[in-house]
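Remarks on the structure that follows.
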Amino acid sequence: MLNPDRRQLLQSSGYGLGWIALRQMLAEASPAGKESAAQSSGLRVAQQSAESQLTVPSGPHFTPRAKNVIFLFMSGGPSHLDLFDPKPTLNRLHGETVPRTFTESLADPVIRGDARCFGSPRVFRRYGQCGMEFSDYASHLGSCADDICMIRSMYTTSSNHDPGQLLMQCGTVLFGHPCMGSWVTYGLGSESRNLPGFVVLLSNSGEGVDGGTALWSNGFLPSNYRGVTFRNSGDPILHLSSPQGVTEQMQRRRLDAIRSMNELRYHQTQDPELTARIESYELAWRMQSAAPELVDFSDETSSTRALYGLDQEVTRPFGSNCLLARRMVERGVRFVQLYHSTWDDHSDLNQHLKKNTDMTDLPAAGLIRDLKQRGLLDETLVIWAGEFGRTPMHEIRRGTTPGKEGRDHHPFGFTVLMAGGGVRSGAVIGRTDEFGYHSVEQRMHVHDLQATILHCLGLDHLQLTYRHQGRDFRLTDVAGEVMSSVLT
Amino acid sequence: MGGCRVFNLMLVGLGFARSLFGCQQTLVAAQVNTGQVDFVKDVAPILASRCLNCHADTAEGGFRLVDESAWQHGGDSGAVFLPGNPDASRVIQRITASKESGHRMPPEGTPLSETQIDILRSWITQGATWPTQVTLKSPKMAAADHWAFRVIQRPDVPELTSQAGYRVLNPIDAFVVDSLRRREIQQSPEADPLVLLRRVTLDLTGLPPSPDDVKDYLADVPEVRYEHVVDRLLASPHYGERWARPWLDLCHFADTDGYLTDQKRPVAWRYRDWLIHAFNHDMPFDQMTEFQLAGDLIDSPTEDSLLATGFLRNTLSNREGGADLEEYRVEQIVDRTQMVGTIWLGLTLGCARCHDHKYDPVSQKQFYELFAVLDQADEVNLPIPLSGEQSLFEQQYVEYRRKRDERIAPILDELKTLQARWEAKMLEAVANPGVSPIWDRQWEVLGLIWGGELGEGQLEGCVIVRTPVEQRTADEKDRLLDYFLARGSLIDEAAFSRLNLATLSSELETMKKSVTWPTRAPTMRQARQPRTVSIHTRGDFRVPGDLVRPGLLELNHSSPANGIDDAESQITRRNLSAWLMDKDNPLTARVAVNRAWQEFFGRGLVDPPDDFGLRGSAPDHPALLDWLAAEYRDNGWHTKSLHRLIVMSATYRQSSAFRADLHQIDPRNALLARQMPLRLNADQVRDTVLSASGLLCRTIGGPSVFPPQPEVVAKEGFSNVWKTSEGEDRYRRGLYTWIQRLSPFAQNVTFDAPPTNSICTRRDRSNSPLQALTLLNDPVFFEAAEAMARQVLREDHQSDRERISALVVRALARPATDDELDVLMNYLNDQKQLVNSSLPDQTETELSGTDRTVVDERELRVWAGVCSVILNLHELITRE
């Protein structure tokens, strides 16, 4: 919430709300001290009209370890067992029914009747000086092992996609809550003057994200904190380019005429919202030139392009978004959320997994490497995560076809990767049991992950709150613990 | 403390006096890191949540735990604590006693946790000091004092008449002016007549006034013209469209299921159209309430009352494979319970889903009692024919029936046996989950896919299977048979192939298609088997706690509805509706008029409008709120009368111009010394632009439409497709745009339309560059500019300047000023040059429609530019 003296300052400043908007948009030019903490979200113009809450980012609660986040969201639930978490016991028992001794110990026996162990067909090997294990499908990520913190002890509380994704992004399976990117820009603002502070990038093969736009919703936060979708076909931002036949000069003249007309009206009504509207149009104009520059990769060297796999058709969609993400954080975008879907491999796991890792493994590794070589990894937190893992047993629910086995949704244990700002490198945190079923050591719930991410950004998850329906809400609901074992 | 008495009061959540909160923060700050137990932070919450229900107002055992002196005084048996000696203190002895001893406190519910006991011990060891200034209140005491829980008494209207700079036109003004006068603040003057015309037209119909409306208004007698307009607008069929919008936000109406698969609900619009109709006919709010909550339970349900129950059908349906049927059914009931809580009571009931409400007098038990009322209903779609459908259907049906029965007759008995076996297998699986995964799955699939993409009740198939055959309707039998033929072969593959049931299935499908079935509509029906409901421990339906009976909340007003004190009869949705609309219900009327007020002033008298509980905001004008509530309640709940009252007030008619004198003392305009300029909502932005351009199609009602939008938008959700509508459906009012929950219409999102997964009581009004980009560049809006240009070029005008004047009136419903005309003329001339240089060749374009005059392409470009400037003005998307 806005701290009282700042609120007072704004209210007694004698300026209209338009002034506040202007100050926020120009925040990077503001004097040091409190004002500069209130970095603007590039989109935050006229913090809500007068009838609504005024909100200004509080700035970090303590010294941040990272400034920006790039969250690679692997929608659908990638299999931890075939990428990051090798299980020799499971492999040994492949095809056999799950030992009674194990099923009887389960508190929540989702393993039904004739479930059989499904050993991973993948080959694991150790990477880097740290010797972290990755499967052959994740060899590129493996080559970054010494920069990665691998958390093998994640667990979640929902086993359906939509609620599971909501939990991961918004901290609750209930609707109407803000997502992480909204919380972070609400807390920290953005450092970009020409771009939104919270951007969503979708790369999928025509299949959307299970949770839909609720995943980048501002929830009960003011709508300025909603994620702005950048598209990988057509205009990067919806309606960014001028209508057909309208030249840049014509567009500018149009804006000038709109501005003059708005100013005339302002002289009559003195509506501060009107000055904010004028500024919105100017910002839109700047975005019209900034965004094309952003998505124009012609200034990238061929080796950088290769790093992200832009030279190959299969890696290009996800790779372009990874490169775009880097260019965004370079330009001050606070939170970049990538979605890749879908890892929902109920059948033919081996083939589907290959398809997804072929598309993403190289670019994700390229992103980490590129950030590092540019000195950006220290201030950028990269997260690679899905909403849950997959069962150590064959898919039962939909039946199996020999040779085409898949794995079902699995909430009790899965793996998440982190790299960069504030997290340990070359470290493996926690473990699952010998079947990869339950997270058993240094268990880390989704809320703990969220608390830890906020912590890296200098935000205390207990303090980053917003009053809604008479209660202070936060990302981590009523739970969440910062996992110090993850931090440097 | 006195002898042990067991009393049966529910323990209701934590409830401090409001004043404590401020004090709490200071104390907490002062005591950080001292290692000491802090009374306010640590002790008071325990006392409040576990002790005060009996030891505050009721003083069981003569012991009150509310302030320092009461604490010192102890109870009937003397002191309850010995400073420094916790073990000898009676309070510790009692809270640690075993339940069997009959001495344990609290006697009901779980014992205090060890942590809680340790805190109390430490506090006594520390000396058990009760800070002098701190008073605790039980939730009940706090609730009894709470303004919103007091029965609404009609306040006296201040006796004021218009005088010295103040205009008092009706009682609303008397309340507002009374408060302004005391503060020596001037009312704002009445808005400019045309600003007022545009304001009231937008507020009552969601559309801007047309140039003819402007002309008529200016020609009418000044003293009465405003009233004439108000009456015309209240009678307009567009009134219902405008007022349906906020209600649809509340019940989070959409055209799809939500969740992963987000399947279509092609008949969801039937409820939306009912709502428009109800507003247009000024259906009293009590009747609207009864119809929507219990339209199937009234004495003689009508098509109208059944359509209204579609209100309860706006909850989401999860049809994702593997989704637990009961889990998501429970989510729906929780959603409905919250809807009742928020929409009628202005309470945050959702908090009590997992635990007793922390601030308001709503226990978890009460939440599930209310839940139990709503749990006794099932989702079913009913054929409710549109006009003209029924007679055609009846003719066709006779033949269909005959053919169908004939086709099935030869194998009827065998089929019956087979289907019965199939049903029995599934029911056996439901009763013994985990034993047979394939039959578990068969049941699950029935519950997941029944009526998918048709917006039918998802669990209706399961309900039919659970209904004894002889009690099923003919329609139910047919539809279950159809499902069985298509998907039931698991029971006996051999029999299916021997009887050739796949062929039968497809033949029956074809047969069905030969009939024009009456359009169906989503409704609710009382469950055939009453459901027993338990408290869901910590909100988890898999962990049932105590059984509860359907019940209502205990607000201050005494008996719920008539006849339900009887232990045998169950409280129904109809009782619920009667209780909500009872004249002594302190919340319903206040909450309803507050939301109406919000629509006319941008902000409710209570803001935010969704919490009238102890943590909510107090009203800015309590007497005005209560007077309006009493007026609404006592005069038959006529919404149009309420709206008329508000818009006829001088308060509403004030200018919205910025006032420097108010900005500092009243930045939120709580005092109402002016109107507020409000950015139009997403629908209105669209409607206004389309209306100014002449493209708007004013057809009311019907299936939702798919106006053009970039293809990528629909792709944000899980394999959604947006099949763009043709013809005039591209230009319908925003209200009719198809609402896909997972990937909503982009224009709407940009202009702050809320997500449709949960209740929205108030829309945001943000101001973002994305809005600028949309208005500038969205092909839909640019098309509007072109259409507007075409139209004005077809018209006969003396000069460019005059032509521009006409455009401004069309868009802004007021004449342009000379300065504005100068700006636009300059722009026009500038554009002429630019376009001439960029388009050297003479090209011509044909106008569509009846007027086939050929317009010069360059001319059109130039004028489309001018129109686009006008359609981008802040004023255009603002109601001043």
### Message
Looking at B:Asp752, B:Asp764, B:Asp800 in this structure, which one is more than 9 Å from chain A (Cβ to nearest Cβ) and acidic (Asp, Glu)?
### Response
B:Asp800
### Query
Could you count how many residues in region B:857-880 are facing chain A (nearest Cβ under 7 Å), touching a residue at least 60 places away in the same chain (Cβ under 8 Å) and not in a loop (DSSP other than H, G, I, E, B)?
2
### Task
Kindly list, by first and then second residue, each pair from a residue in region A:277-288 that is facing chain B (nearest Cβ under 8 Å) to a residue that is small (Gly, Ala, Ser) and assigned to a helix (DSSP H, G or I), limited to pairs with Cβ atoms under 7 Å and residues at least 6 apart or on different chains.
A:Ser280/B:Ala772; A:Tyr281/B:Ala772; A:Ala284/B:Ala772
### Message
Condition first: part of a helix (DSSP H, G or I), in contact (Cβ under 8 Å) with a residue 60 or more places away in the chain and either in contact with an Asp or Glu (Cβ under 8 Å, 6 or more places away or on another chain) or not β-branched (Val, Ile, Thr) (or both). Now tell me which residues in region B:202-230 satisfy that.
### Response
B:Leu202, B:Asp203, B:Leu204, B:Pro211, B:Asp213, B:Tyr226, B:Glu227
#### Entry: Residue that is farthest from B:Pro755 (Cα to Cα) [pool: residues in region B:303-321 that are in contact (Cβ under 8 Å) with a residue 60 or more places away in the chain and more than 14 Å from chain A (Cβ to nearest Cβ)]
B:Glu303
### Task
State whether one or more residues within region B:150-157 are outside any helix (DSSP H, G or I), modelled with pLDDT under 90 and surrounded by 17 or more Cβ atoms within 10 Å (Cβ to Cβ).
no
### Query
For region A:130-138, does any single residue satisfy the condition of being within 14 Å of chain B (Cβ to nearest Cβ) and crowded, with 16+ Cβ neighbours inside 10 Å?
no
### Query
If you scan region A:209-227, which residues turn out to be at the interface with chain B (Cβ under 8 Å from one of its Cβ atoms), under 26 Å from B:Thr261 (Cβ atoms) and not in a loop (DSSP other than H, G, I, E, B)?
A:Gly212, A:Thr213, A:Ala214
### Query
Across region A:183-196, what is the total count of residues that are of a type outside the set (Val, Ile, Thr) and touching a Pro at 6+ places or on another chain (Cβ under 9 Å)?
6
### Query
Tell me, which residue of region B:638-683 that is touching a Gly at 6+ places or on another chain (Cβ under 6 Å) and not in a helix (DSSP H, G or I) is farthest from B:Gly165 (Cα to Cα)?
B:Leu678
### Query
Which residue, of B:Glu184, B:Glu223, is at positive phi, at pLDDT below 95 and of a type outside the set (A, V, I, L, M, F, W, C)?
B:Glu184
### Message
Given the criterion assigned by TED's automatic domain parsing to the domain that holds B:Lys512, assigned to a loop (DSSP other than H, G, I, E, B), more than 23 Å from B:Ser506 (Cα to Cα) and not basic (Lys, Arg), identify the matching residue among B:Val430, B:Val435, B:Val463.
### Response
B:Val435
## Note on the structure
By residue number, the members of region B:173-187 that are part of a loop (DSSP other than H, G, I, E, B), surrounded by fewer than 21 Cβ atoms within 10 Å (Cβ to Cβ) and either touching a residue at least 12 places away in the same chain (Cβ under 8 Å) or within 33 Å of the chain's Cα centre (by Cα) (or both) are B:Arg183, B:Ile185, B:Gln186
### Task
Can you tell me which residue within region B:606-632, out of those that are out of contact with any Lys or Arg (no Cβ under 9 Å at 6 or more places or on another chain), crowded, with 24+ Cβ neighbours inside 10 Å and under 21 Å from B:Asp178 (Cβ atoms), is farthest from the other protein chains (Cβ to nearest Cβ)?
B:Tyr632
### Query
Can you pull out the residues in region B:404-431 that are within 28 Å of B:Thr261 (Cα to Cα), within 40 Å of the chain's Cα centre (by Cα) and of a type outside the set (A, V, I, L, M)?
B:Glu423
### Summary
Reported set for region A:245-272 where residues are facing another protein chain (nearest Cβ under 7 Å) and either hydroxyl-bearing (Ser, Thr, Tyr) or over 24 Å from B:Arg765 (Cβ atoms) (or both) is A:Gly245, A:Thr247, A:Gln249, A:Met250, A:Arg253, A:Arg254, A:Ala257, A:Ser260, A:Thr269
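Scanning for something within 14 Å of chain A (Cβ to nearest Cβ), over 18 Å from B:Val195 (Cβ atoms), crowded, with 18+ Cβ neighbours inside 10 Å and of a type in the set (D, E, K, R), does region B:646-661 turn up at least one residue?
no
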### Query
Going by the conditions given, is B:Ser758 farther than 27 Å from A:Ser280 by Cα, facing another protein chain (nearest Cβ under 9 Å) and surrounded by fewer than 23 Cβ atoms within 10 Å (Cβ to Cβ)?
yes
## Note on the structure
By my count, helices (runs of 4 or more DSSP H) wholly in region B:1-116 with at least 1 residues that are of a type in the set (Lys, Arg), at pLDDT 80 or above and over 36 Å from the mean Cα position of the chain (by Cα) are B:90-96
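The rows are residues; the columns are (1) buried (at least 24 other Cβ atoms within 10 Å of the Cβ); (2) under 23 Å from the mean Cα position of the chain (by Cα); (3) modelled with pLDDT under 95.
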residue: A:Val416; (1), (2), (3): yes, yes, no
residue: A:Ala419; (1), (2), (3): yes, yes, no
residue: A:Val423; (1), (2), (3): yes, yes, no
residue: A:Phe435; (1), (2), (3): no, no, yes
residue: A:Val446; (1), (2), (3): yes, yes, no
residue: A:Ala451; (1), (2), (3): yes, yes, no
residue: A:Gln463; (1), (2), (3): no, yes, yes
residue: A:Arg471; (1), (2), (3): no, no, yes
### Message
One residue is enough: does region B:101-124 have a residue meeting the conditions in the same structural domain as B:Pro45 (by TED's automatic domain parsing), out of contact with any Phe, Trp or Tyr (no Cβ under 6 Å at 6 or more places or on another chain) and on the phi > 0 side of the Ramachandran plot?
### Response
yes
### Query
Looking at (1) buried (at least 20 other Cβ atoms within 10 Å of the Cβ); (2) closer than 23 Å to B:Phe253 by Cβ; (3) modelled with pLDDT of 90 or more, which is the one condition that is false for B:Arg520?
(1)
## Note on the structure
Counting only residues that are among the small types (Gly, Ala, Ser) and within 10 Å of chain A (Cβ to nearest Cβ), region B:767-797 contains a total of 3
### Residue match in region A:340-347 (condition: among the acidic types (Asp, Glu), touching a strand residue (DSSP E or B) at 6+ places or on another chain (Cβ under 7 Å) and in contact (Cβ under 8 Å) with a residue 60 or more places away in the chain)
yes
### Task
Mind listing just one residue for me: the one in region B:234-261 that is among the aromatic types (Phe, Trp, Tyr) and under 28 Å from B:Gln458 (Cβ atoms) and, of those, nearest to the other protein chains (Cβ to nearest Cβ)?
B:Tyr259
#### Entry: Yes/no for B:Leu807 being within 11 Å of chain A (Cβ to nearest Cβ), surrounded by 22 or more Cβ atoms within 10 Å (Cβ to Cβ) and not polar (S, T, N, Q)
no
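The values are calculated or read from the model by the stated rules, or taken from the named source; none is laboratory data. Keep in mind the model is a prediction, meaning the values are calculated, not measured. Because the Cβ atoms are built from the backbone with ideal geometry, glycine has one as well, and the counts that use them run over all protein chains shown.
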